[in-house]
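A short worksheet on the structure shown next.
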Number of protein chains: 2
Amino acid sequence: MTPENPSFHAHHSPIGALASFTCGAHGAKGGMGIALPRAYQGEISIGYMDAADTLHLLPLFEGSDSSESERYVEGAEGTRGKLSVIHDVSREYLWATDRILSQNVELEIATPFFPIPDPENATPTDLAFASCPVVHAAVTFKNDTDAPIRGIFALGIDQRWSPLSEQTGGALVGATSQDQIGFATQTPGASCFMDFDPISAMNRKHSTPEFLLGPTAGLEIEIAPGEERTLEITLGFYHQGPATYNRSTSYYYTRHFTSLSQVLEYGLENRFHYLEQASERDLELASAKLNVEQKFLIAHATRSYYGSSQWLWDGSKSVWVVNEGEYLMMNTFDLTVDMLFFEMRFNPWTVRNVLEQFTQDYSFYDQVFDPQDPDTLHPGGLSFCHDMGVMNHWSPAGRSSYEVGGLDRACFSHMTCEQLTNWVLCAGIYLAQTEDADFLRRHQQTFLECLRSLQNRDHYDPAKRDGIMSLESSRTEGGGEITTYDSLDHSLGQSRRNIYLGGKMWASYLILENLFTQTNREELATETRAAAELAANTLAAGFDPELGYIPAVLEGDNTSAIIPAIEALVYPYLIGLENALCEDGPYGSYITALRKHFHHVMDTGLCLYPDGGWKLSSSADNSWMSKINLCQYVARAVLGIDFGEDQYKADQAHARWEREGSKLSACSDQFRSGVAHGSLYYPRIVTNILWLSE
Amino acid sequence: MTPENPSFHAHHSPIGALASFTCGAHGAKGGMGIALPRAYQGEISIGYMDAADTLHLLPLFEGSDSSESERYVEGAEGTRGKLSVIHDVSREYLWATDRILSQNVELEIATPFFPIPDPENATPTDLAFASCPVVHAAVTFKNDTDAPIRGIFALGIDQRWSPLSEQTGGALVGATSQDQIGFATQTPGASCFMDFDPISAMNRKHSTPEFLLGPTAGLEIEIAPGEERTLEITLGFYHQGPATYNRSTSYYYTRHFTSLSQVLEYGLENRFHYLEQASERDLELASAKLNVEQKFLIAHATRSYYGSSQWLWDGSKSVWVVNEGEYLMMNTFDLTVDMLFFEMRFNPWTVRNVLEQFTQDYSFYDQVFDPQDPDTLHPGGLSFCHDMGVMNHWSPAGRSSYEVGGLDRACFSHMTCEQLTNWVLCAGIYLAQTEDADFLRRHQQTFLECLRSLQNRDHYDPAKRDGIMSLESSRTEGGGEITTYDSLDHSLGQSRRNIYLGGKMWASYLILENLFTQTNREELATETRAAAELAANTLAAGFDPELGYIPAVLEGDNTSAIIPAIEALVYPYLIGLENALCEDGPYGSYITALRKHFHHVMDTGLCLYPDGGWKLSSSADNSWMSKINLCQYVARAVLGIDFGEDQYKADQAHARWEREGSKLSACSDQFRSGVAHGSLYYPRIVTNILWLSE
């Protein structure tokens, strides 16, 4: 759990606060922020002033990657001071604890996470603990000199600060800005300072420690010769009042905490319990039978997930939102279906919550058309929006922020068919793992409507159906739908006749069949099974022996080879539909075709990068970490493939993509030849939580 | 009122909302923002798409100063469109109306202002009208082609938008972002669009006018061949909940309006009345007996004043704050005293309000010391903080954000003596012009304490007093006080023995004497008159016949020549103490010395720049527009000096400093050789309101 390269940004976030203390990359800006599309662009100054007045700082600020080890620098207003950047830094990157280590200064940031209790039946005590928007830092200073040194932790921002001791009658030492971010300590001997920058503060010519005009605030503590001291710091976030627009909601934590100072006080009081939770998670991941790069990827993905999570309250109930990383779209459904596995492990109620937000506010009924005859509309059916809004602006009901009409299989077109499968797949997994009878009862009709809608997107003439999507939504206004892979070529971008989406339709039918059987709707179950068989047969028949695989799109002369052909196997697998996955089961020919497909695209290197990383599509240099991690799981767990030494090679490549190719963006999703170029600072990569169950 | 160079930024602000639609500079970013230290960095797109699909835009966006007149540009996501920047632009810059004019597109922005009724006794109707945070725009499109054109008004920001029609049941067309900024129209035929940028919007490949993912929102209207149409737009601002930190207050307008959409609706409904107010102001300034550059400077200063104004509500009363331009310090007292004249003309209650905030929360008692013997403290007395906080963070009571201890006559030291004079001078002018007997009664004791405090800063031994400051505040902790001219050399920066501050002490004594006389405290009046005489005599005696003027600091071998020696004459003049200003009156020798001083420093060019602009200090290239404008008034109105042709030359130079030297910062205060280098985007320059009374 000691990454070979310690210089990369990571989210450090409370649960559900859409907040982050992002830091870790050397020579880069970072800091605390709420609802940001990237790391806050501030200065983080952590280190100590030695007796010779040299300020030694961890390299967590812009310019700290300079090769000069010791130099005079100019503070604001002409202050001058000697600065030495600590270059010999390592990192211990556990699931809930991130440690940035050097000889004399160690920064530890704990971001405990745990099942969020279902707010409908949990106690206020538990809900306060889960929602409190705090992150737990500790800086340990080791004085191996024979004179006292002064340890500091400071943040430089665009705004200004208020002293916390004023707000808490001296109970807390620290500072807050705009009542939105702040830090506090109760470590004896610690004091607070404010100034233009750390150089000005530590070399100040004036006598006012809290110089309120300065954008930098920090904590300071003296360490006697030969001693070691730890400054225990709680970082807190708070957003009062409406958190979202076009529909007013507030952060859930505002139900339990009325101010930032209260949050900070609670965080310090409950520090021990929070750190206990962090340790449990750390141990859990550390003891998993995974290689170190897999553990790195899980830890990295988890942090970015929580950084995008937003637990809101609408006045009568909780509203769970995961924001789409740098894009900040709200509850993007094709991310929800990938983050499903993570949420099911920790808090299944959030899955139910999002599904019911979709049925209630972001569902619709459309019609469909044959692309050969776009003017003739046929019955479509129920489906769901791509998302619910962007940057805290809820979209009007029934509309996403992302989708527009009139585009033919291009970015920003509609994803109607895929989102339909996403609702079914999420609901299926949710029901299989919770047995929530109420949910099943409430959505009996929804499941039936989903079936009809799926069938209508196949073909309006039942005789012409072959199980996969062929017709386009009227919402495209004569255009063509896309899949979640919006920025790829048609190998994965186009929806109709796509084998990736075809697989998700097949899995949706399996889930629906299973539910209809459970609820004794035998006729429907039979009809649905037939649809699944059609899909499987079509996809299996798509196998091209000459190519050695199933081409991505079963129309025209497409010859792209794609890994996500196998993706949808995860759903029947997790539900326990073992029979459906047997090569001698009802869908045997499909399973066999997929196995051959997968072996071919991997063994020939068609879908590999030179570094061993996975290339989702042979025809596009754009590979998505969330989907790679998901398909790795499917290949191993469902198809039983042992990658041998290639396993570690791939994991290491992927970990390097994140650490080096996405250095400033924490965990990212889209990579071109190992360099993140979109979907930065992204929550979706938690598909790799599945690895823990292998 | 047609500036020779139309390319400069200007605030366009409601009253008291700390908000601005800043625009006007060509090729620059601009836009709507709340509580910003500079122009919002967005894109403003105003113009029309002709029948040949060329988008013609006013040059109000970054890159529009390119010399290419017509070019293809790339929109987001690969959209391409033809763009033509309208370069032939002029400007009509009235007091409350700013018009940016071209052949086919005219933008008019009205920012009406008028006396804000005293909230303690005004009607809710009047208070709603005065506080409503709106700005009134109109874009007129003239179609001189024989095909329809499409006119647009659009703003590109960092956030996203919600359609206004959704929020108002179709009553308004427009968009809002974060419930904080928005624009609306009811002009028939206008529609709203959103997209990545105007090029993408006007050349869109999709069919969804409101593409919610885009950061640009706008209004669009079709203009038939040969026709002219005006799009009437209300721009609105809104900040819900706490507006300030460390002490919670809300914007006053939240008492009358509960949402941004309500603000926009009210703005459109009352458009006629607002425009009437704007016209009245326009006419008032236009008909004044001032040259065009003077009128420009007044109009420019007024806009920046309102952009920094902030009318708050603390739960029981109004709290008036003027923020310090780019620094955003709250109610900086040495600005208050300069903006006094403007506020007395329009809303004297704001002066009272700020004075009483100072006495209640930001006053203190200190001790003083002789710089020769800094360890021996003597009685000091009452004084006031430099400011009340910064960037909406109130400072703890009794502390400013700016002042720190331990500095000897350097920036950020204390301004204790000057702030003491500022309270007396503001209160004196307020009382003289309002005859507010309640205020006088409430502050009887304050005036007495001010007298004692002034005297103690002169000398602890009454026998050694000479009327001007010689002792330093204990708050400097052994350092030395500064004046408002913090960034100048000692000619104006140092407080003790300074003839600028000495003048303000003299004027303070005059005011106190006058008040004591009015309240029948004859003994005090006599004592105070004696102090004024001491001051006048000391200052007059400072005249150095060899130099030809009074050197700025009456200690050491200072020989700086400063214009603000005469500044304090404004106070007795405005109060009507004519006798005090006569050369044969009780302070005749002082007045005579000042007249000779002023003639010398101007006639010899010691205090002039080569362009004819005024140089406040002969020893510093740092001249402040607010103080120049104030001293121009004093020279003409009090000393009766006729500058002849030099008058216009100076005014033109100063106007050019603002237009060209402060192009992107609206009205600024500090100039080095005509280039703004500090105190940008600043409210203080409204000292020039005095010119209207000449």
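Just name the residue that is farthest from the other protein chains (Cβ to nearest Cβ) out of those in the range A:384-420 that are more than 19 Å from B:SER207 (Cα to Cα) and open to solvent by 10 Å² or more (accessible area, probe 1.4 Å). So that I can check it myself, show each step before the final result.
Going through the range A:384-420, the residues more than 19 Å from B:SER207 (Cα to Cα) turn out to be A:384, A:388, A:390-394, A:417-420.
If we keep only those that are open to solvent by 10 Å² or more (accessible area, probe 1.4 Å) too, we end up with A:391-392.
On the way: A:MET391: 4, A:ASN392: 7 Å.
This residue is A:ASN392.
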Problem set entry | Checklist (1) more than 14 Å from chain B (Cβ to nearest Cβ); (2) assigned to a helix (DSSP H, G or I); (3) in contact (Cβ under 8 Å) with a residue 60 or more places away in the chain applied to A:ARG475, failing item | (1)
Seminar exercise, completed: Residue hits (the range B:441-458; open to solvent by 30 Å² or more (accessible area, probe 1.4 Å) and in contact with a Leu (Cβ under 6 Å, 6 or more places away or on another chain)) are B:GLU449
Exercise. Restricting the search to the range A:545-556, which residues are among the charged types (D, E, K, R) and either within 11 Å of A:ASN498 (Cα to Cα) or open to solvent by less than 50 Å² (accessible area, probe 1.4 Å) (or both)?
Worked result: A:GLU555
Problem set entry | Any hit, the range B:263-272, residues being under 30 Å from B:VAL390 (Cα atoms), at pLDDT 95 or above and among the hydroxyl-bearing types (Ser, Thr, Tyr) | no
Exercise. Given the conditions (1) modelled with pLDDT under 85; (2) closer than 21 Å to B:HIS300 by Cβ, which single one is not true for B:SER90?
Worked result: (1)
Exercise. Here are some conditions: (1) of a type outside the set (A, V, I, L, M); (2) touching a residue at least 24 places away in the same chain (Cβ under 8 Å); (3) surrounded by fewer than 24 Cβ atoms within 10 Å (Cβ to Cβ). B:GLY605 meets all but one. Which one does it not meet?
Worked result: (2)
For this session: Output yes when any residue across the range B:480-495 is within 14 Å of chain A (Cβ to nearest Cβ), open to solvent by less than 10 Å² (accessible area, probe 1.4 Å), at pLDDT 95 or above and in contact with a Pro (Cβ under 8 Å, 6 or more places away or on another chain), and no when none is.
Result: yes
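In the range A:243-253, what residues are within 25 Å of B:THR176 (Cα to Cα) and touching a Gly at 6+ places or on another chain (Cβ under 9 Å)? First the steps, then the outcome.
Initial filter on the range A:243-253 (within 25 Å of B:THR176 (Cα to Cα)): A:243-252.
A:THR244, A:TYR245, A:ASN246, A:ARG247, A:SER248, A:THR249, A:SER250, A:TYR251, A:TYR252, listed by residue number.
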Problem set entry | Residue within the range B:641-649 that is closer than 20 Å to B:ILE550 by Cα and not basic (Lys, Arg) present | yes
Exercise. Residues of the range B:357-369 being more than 14 Å from chain A (Cβ to nearest Cβ) and either open to solvent by 40 Å² or more (accessible area, probe 1.4 Å) or of a type in the set (A, V, I, L, M) (or both), which ones?
Worked result: B:GLN360, B:TYR365, B:GLN367, B:VAL368
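If a residue has to be part of a helix (DSSP H, G or I) and open to solvent by 10 Å² or more (accessible area, probe 1.4 Å) to count, how many in the range A:308-331 make the cut?
First, pick out the residues of the range A:308-331 that are part of a helix (DSSP H, G or I): A:308, A:325-327.
Of the ones still in play, those that are also open to solvent by 10 Å² or more (accessible area, probe 1.4 Å) are A:326-327.
Total satisfying the criteria: 2.
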Problem set entry | Flag for A:ASP611 being within 21 Å of A:ARG303 (Cβ to Cβ) and either among the polar types (S, T, N, Q) or in contact with a helix residue (DSSP H, G or I) (Cβ under 8 Å, 6 or more places away or on another chain) (or both) | no
For this session: Kindly indicate whether B:TRP394 is over 23 Å from B:ASP669 (Cα atoms), in contact with a Ser or Thr (Cβ under 7 Å, 6 or more places away or on another chain) and hydrophobic (A, V, I, L, M, F, W, C).
Result: yes
For this session: Look at A:VAL424 and say whether it is among the β-branched types (Val, Ile, Thr) and either within 12 Å of chain B (Cβ to nearest Cβ) or out of contact with any Ser or Thr (no Cβ under 6 Å at 6 or more places or on another chain) (or both).
Result: no
Problem set entry | Residues being open to solvent by less than 40 Å² (accessible area, probe 1.4 Å), within 12 Å of chain B (Cβ to nearest Cβ) and in contact (Cβ under 8 Å) with a residue 12 or more places away in the chain - total across the range A:207-240 | 9
Problem set entry | Filtered residues of the range B:436-468 (kept if in a loop (DSSP other than H, G, I, E, B) and either of a type in the set (A, V, I, L, M, F, W, C) or not assigned by TED's automatic domain parsing to the domain that holds B:PHE384 (or both)) | B:ILE468
Seminar exercise, completed: Those residues of the range B:653-677 which are surrounded by fewer than 20 Cβ atoms within 10 Å (Cβ to Cβ) and either polar (S, T, N, Q) or assigned by TED's automatic domain parsing to the domain that holds B:ALA39 (or both) amount to B:SER673
Seminar exercise, completed: Note on the range B:620-638: residues surrounded by fewer than 18 Cβ atoms within 10 Å (Cβ to Cβ) and assigned to a loop (DSSP other than H, G, I, E, B) are B:ASP621
Exercise. Is there a residue in the range A:498-511 that is assigned by TED's automatic domain parsing to the domain that holds A:LEU454, open to solvent by 10 Å² or more (accessible area, probe 1.4 Å), at pLDDT 95 or above and in contact with a helix residue (DSSP H, G or I) (Cβ under 6 Å, 6 or more places away or on another chain)?
Worked result: no
Exercise. Only one of these conditions is not met by B:VAL73: (1) open to solvent by less than 30 Å² (accessible area, probe 1.4 Å); (2) assigned to a strand (DSSP E or B); (3) at pLDDT 95 or above. Which number is it?
Worked result: (3)
For this session: Considering only residues that are surrounded by fewer than 19 Cβ atoms within 10 Å (Cβ to Cβ) and under 25 Å from B:GLU166 (Cβ atoms), look in the range A:248-270 and name the one that is nearest to the other protein chains (Cβ to nearest Cβ).
Result: A:SER248
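Let me confirm something: among A:ARG91, A:ARG99, which residue is part of a strand (DSSP E or B), closer than 30 Å to A:PHE342 by Cβ and free of Cβ contacts under 8 Å to residues at least 24 places away in the same chain? Full working, then the answer.
On the way: A:ARG91 fails: free of Cβ contacts under 8 Å to residues at least 24 places away in the same chain.
When all the criteria are applied, what remains is A:ARG99.
The values are calculated or read from the model by the stated rules, or taken from the named source; none is laboratory data. Owing to the predicted nature of the structure, the values given are computational and were not obtained by experimental measurement. When we count neighbours, we look across all protein chains shown, and the Cβ atoms used for this are built from the backbone with ideal geometry, even at glycine. Heavy atoms of the whole protein, side chains included, go into the accessibility calculation; ligands, DNA and RNA do not. Shrake-Rupley method; radii C 1.70, N 1.55, O 1.52, S 1.80 Å.
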